[in-house]
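Peer 1: The structure is given below, and queries will be raised subsequently.
The values are calculated or read from the model by the stated rules, or taken from the named source; none is laboratory data. Values in this document were obtained by computation on a predicted structure and should not be read as measured data. All Cβ positions, glycine included, derive from the backbone under ideal geometry; neighbour counts span all protein chains shown. Only protein heavy atoms, including side chains, enter the accessible area calculation; ligands, DNA and RNA are left aside. Shrake-Rupley method; radii C 1.70, N 1.55, O 1.52, S 1.80 Å.
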Amino acid sequence: MKRDLTSLSIFEMQNGLHSGDFGCLELVEAFLERIHTMEPRLHAFITLAEDQACAAARSADERLRAAIASKNQSQLPALLGIPIAVKDLITVEGLRCTCGSTVLGDWVPPFSATAIQRLLDAGAIVIGKTNTDEFAMGSSTESSVFGPTFNPWDTTRVPGGSSGGSAAAVAARLVPAAIGSDTGGSIRQPAAFCGVTGIKPTYGRVSRYGLVAYGSSLDCMGVFARSAAEAALLLGIMSGRDHMDSTSAAQPVPDFSHSQPNDLRGVRIGIPKEYFIDGIQADIRARVNEAIAQLKALGAEIVEISLPHTKYALPVYYLIAPAEASANLARYDGVRFGLQVAKGSNLAMFRDTRGEGFGPEVKRRIMLGTYALSAGYYDAYYGQAQKVRTLIKRDFEDALKTVDAIACPVTPSTAFKVGEHGDDPLAMYLEDVFTLPANLAGVPGLAFPVGFDANGLPVGMQLMGRPFEEQTLFRVVEAYQLATGHHRQEPNL
Ligand code: GLN
């Protein structure tokens, strides 16, 4: 019987390729075949790059064959021949980039994001661009002008968002790993809804060059994979200082993939009481408590902590993110690239291009942000939000002096139905209560599956940590995943 290559881990793929069991083209074709079978039900992709991926796989095969012939496999780049998908908010040279919007038209970026270039240099093969809420504004992937992505565990439900296409693609084994972005939860929330592992690194850990700007002081690029060990491998390659992004950090990048997760003795994990409020779905509370008990059984010390300003995170985020978005999205004016709607005078051209090019959620954010930044309101809204953001950041600094990581749910409920929050933006914003604080504080957050609710939908847990100590989060989650099997569960498609 033919082996299903799509069910291998990235480490097993590396072994299989290096020992000549199968080739890069065979691997890429296996994923493409699965994509063709599943895509009609999932709609995880906006653009597929089949020809480019097969061409890249053929040249990877030449390198692979030469290395095998000369027994030089250890010299091969780490990801040679490994297919990945990239959120369509991140540039890949030569592939259309839409941001889930009409306003970019058929813009084809002339460069790859630095982090993507590093993955390509390591041999990874981009198989397609994944669906996203328009300009990453949303929590369900429903605001994409290309239509929603569906959750592989229940296709009447959303995969979360905004990186819902990347999360669904990994959950359905359309790729072994995918790249996303997280401004207020857009990696961790879809990872939780789709039962995969997702990391939002520390702000500044990964260059933002080539990540289309939403909220520049919050945006982070990160990884979805089926295990923490695989996510660690990719994050390590993407990370590090880049002279094209002045906010990228010059911090050394440890080898995230060697965390030796034998046990968790000596690790202190804090449970913030503000994250276990009324209104959390009972199954989520139960699964998260079981996971905390498991971490304790592995040797971690569990202590209760407080992050007292948590309740302000939502209003603060929904002032700061739209304010930054309103400035960042001013560049889409029909002049330089993308859509141009030219019916009358130049000024009418701006108005008509932006009027037709942006969808309702993006317009709502631009208006909210413009209002918060306008003279007379700036101090009361934007300025005040910045001050409270500092208090939220201090909560984390204080808590992380006494604990190594903070454990909590990712979301108050599991995946909701497509259309359920259709005309209620506030209900959609409430999905983010537990994920926004990490972006406001700039700390890393890792989401991973810890079981299911009564409807068989995945439940996620979040671990947050000290800036530039992603290693600790990987260590804890790798130990958990070695001891349990939740991350190996798969949807029945
Ligand atoms: N759901 C949040 C928003 O709509 C977060 C999105 C994100 O992280 N990109 O802004």
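Peer 1: Taking amide hydrogens as modeled 1.01 Å from N in the peptide plane, which residues meet the under 5 Å criterion relative to Ile46, leaving out close sequence neighbours?
Peer 2: HN-HN under 5 Å from Ile46: Lys129, Thr130, Asn131.
Peer 1: What ³J(HN,Hα) values, in whole Hz, does the Karplus curve 6.51 cos²θ - 1.76 cosθ + 1.60 give for the range 241-256 when θ = phi - 60°, with x put for Gly and Pro?
Peer 2: Once rounded to whole Hz, the list reads 3, 9, 5, 7, 9, 5, 8, 6, 8, 8, 5, x, 9, x, 7, 4.
Peer 1: Let me ask another. Checking the a/c ratio against 1.5 first, then a/b against b/c, what shape does the Cα gyration tensor give for the range 420-483?
Peer 2: In terms of gyration-tensor shape, oblate.
Peer 1: May I pose another question? Can you say what percent of the DSSP beta bridges in the chain, counting only those with both residues inside, are antiparallel? Round to 5.
Peer 2: Percentage antiparallel, nearest 5: 65.
Peer 1: Counting each DSSP H run of 4 or more residues in the chain as -39500 (n - 2.57), what helix-only mean residue ellipticity at 222 nm follows after dividing by all residues, to the nearest 500 deg cm²/dmol?
Peer 2: Taken over the chain, the calculation gives -11500 deg cm²/dmol.
Peer 1: OK, next. Compute, for the chain, the length of the dipole vector about the Cα centre, with Cβ point charges of +1 (Lys, Arg) and -1 (Asp, Glu) only. Units Debye, rounded to 20.
Peer 2: That gives a dipole near 540 debye.
Peer 1: Taking θ = phi - 60°, what integer Hz values does the Karplus form 6.51 cos²θ - 1.76 cosθ + 1.60 yield along the range 212-224, in sequence order, with x for Gly and Pro?
Peer 2: Each residue's phi maps through the Karplus curve to give 4, 5, 10, x, 4, 8, 10, 4, 9, 8, x, 10, 10 Hz.
Peer 1: Length gain on complete extension for the stretch Lys363 to Ser246, per 0.36 nm per residue less the alpha carbon to alpha carbon distance?
Peer 2: Extra length available between Lys363 and Ser246 comes to 39.2 nm.
Peer 1: Another one. Note down the nm distance, to one decimal, between modelled labels 7 Å out along Cα→Cβ at Asp263 and at Glu304.
Peer 2: Those two pseudo-labels are separated by 2.7 nm.
Peer 1: Another one. Considering only protein heavy atoms and a 1.4 Å probe, what is the carbon-and-sulfur percentage of the accessible area of the range 354-442?
Peer 2: For the range 354-442, the apolar C and S fraction of the accessible surface comes to 59 percent.
Peer 1: Rg/Rh for the range 68-192: what does it come to with C-alpha atoms and Rh from Kirkwood?
Peer 2: The Rg/Rh ratio comes out at 1.04.
Peer 1: Ok, one more. When the dipole is taken about the Cα centre of the range 247-290, and only Lys, Arg (+1) and Asp, Glu (-1) are charged at their Cβ, what size is it in debye, to the nearest 20?
Peer 2: Rounded to the nearest 20 debye, it is 120 debye.
Peer 1: Further question: Distance cut-off 28 Å, Cα to Cα: go down the list Lys311/Lys417; Lys311/Lys363; Lys343/Lys417; Lys129/Lys393 and report the pairs above it.
Peer 2: Lys343/Lys417; Lys129/Lys393
Peer 1: In what order, largest first, do Arg475, Arg157, Arg331 sit by accessible area if the probe radius is 1.4 Å?
Peer 2: Sorted descending by solvent-accessible area, the residues read Arg331, Arg475, Arg157.
Peer 1: Could you sort 243-251, 179-187 so that the peptide with the highest average Cβ count within 10 Å comes first and the rest follow in order?
Peer 2: Order by mean packing, descending: 179-187, 243-251.
Peer 1: Straight-line reach only, C-alpha to C-alpha below 13 angstrom: list the aspartates and glutamates that Lys87 could link to, leaving out same-chain residues fewer than 8 apart.
Peer 2: Asp133, Glu134, Asp182
Peer 1: Per residue, how much accessible area does the range 180-264 show when a 1.4 Å probe rolls over the protein heavy atoms, in square angstrom?
Peer 2: 25
Peer 1: Now for a different question. If you put +1 on each Lys and Arg Cβ and -1 on each Asp and Glu Cβ, how big is the dipole of the range 347-493 around its Cα centre, in Debye rounded to 20?
Peer 2: 380
Peer 1: Please list, or write none, the aspartates and glutamates whose alpha carbon is within less than 12 Å of the alpha carbon of Lys273, excluding same-chain residues fewer than 8 places away.
Peer 2: By straight Cα distance, Lys273 reaches Glu304.
Peer 1: Heavy atoms only, probe 1.4 Å: what % of the accessible area of the range 33-117 goes to carbon and sulfur, would you let me know?
Peer 2: Here carbon and sulfur together make up 50 percent of the probe-accessible area.
Peer 1: Alpha carbon centre of the range 295-368 versus the range 42-111: separation in Å?
Peer 2: Cα centres, the range 295-368 to the range 42-111: 28 Å.
Peer 1: Given Gly338, Ala323, Ala300, which one lies farthest toward the positive end of the charge dipole of the range 297-364, if we put +1 on the Cβ of every Lys and Arg and -1 on the Cβ of every Asp and Glu?
Peer 2: Gly338
Peer 1: Further, regarding this structure: Name the residue farthest towards the positive end of the dipole of the range 360-439 from the options Val410, Met428, Ala372, assuming +1 on Cβ of Lys and Arg, -1 on Cβ of Asp and Glu, about the Cα centre.
Peer 2: Ala372
Peer 1: Still on this structure, please answer the following. Determine the gain in length on full extension of the stretch Thr47-Glu420; use 0.36 nm per residue of separation and subtract their C-alpha separation, reporting nm with one decimal.
Peer 2: 131.6 nm
Peer 1: What does the charge count near Asp88 come to, summing +1 for each Lys or Arg and -1 for each Asp or Glu among other residues with Cβ under 10 Å from its Cβ?
Peer 2: Result for the local shell: +3.
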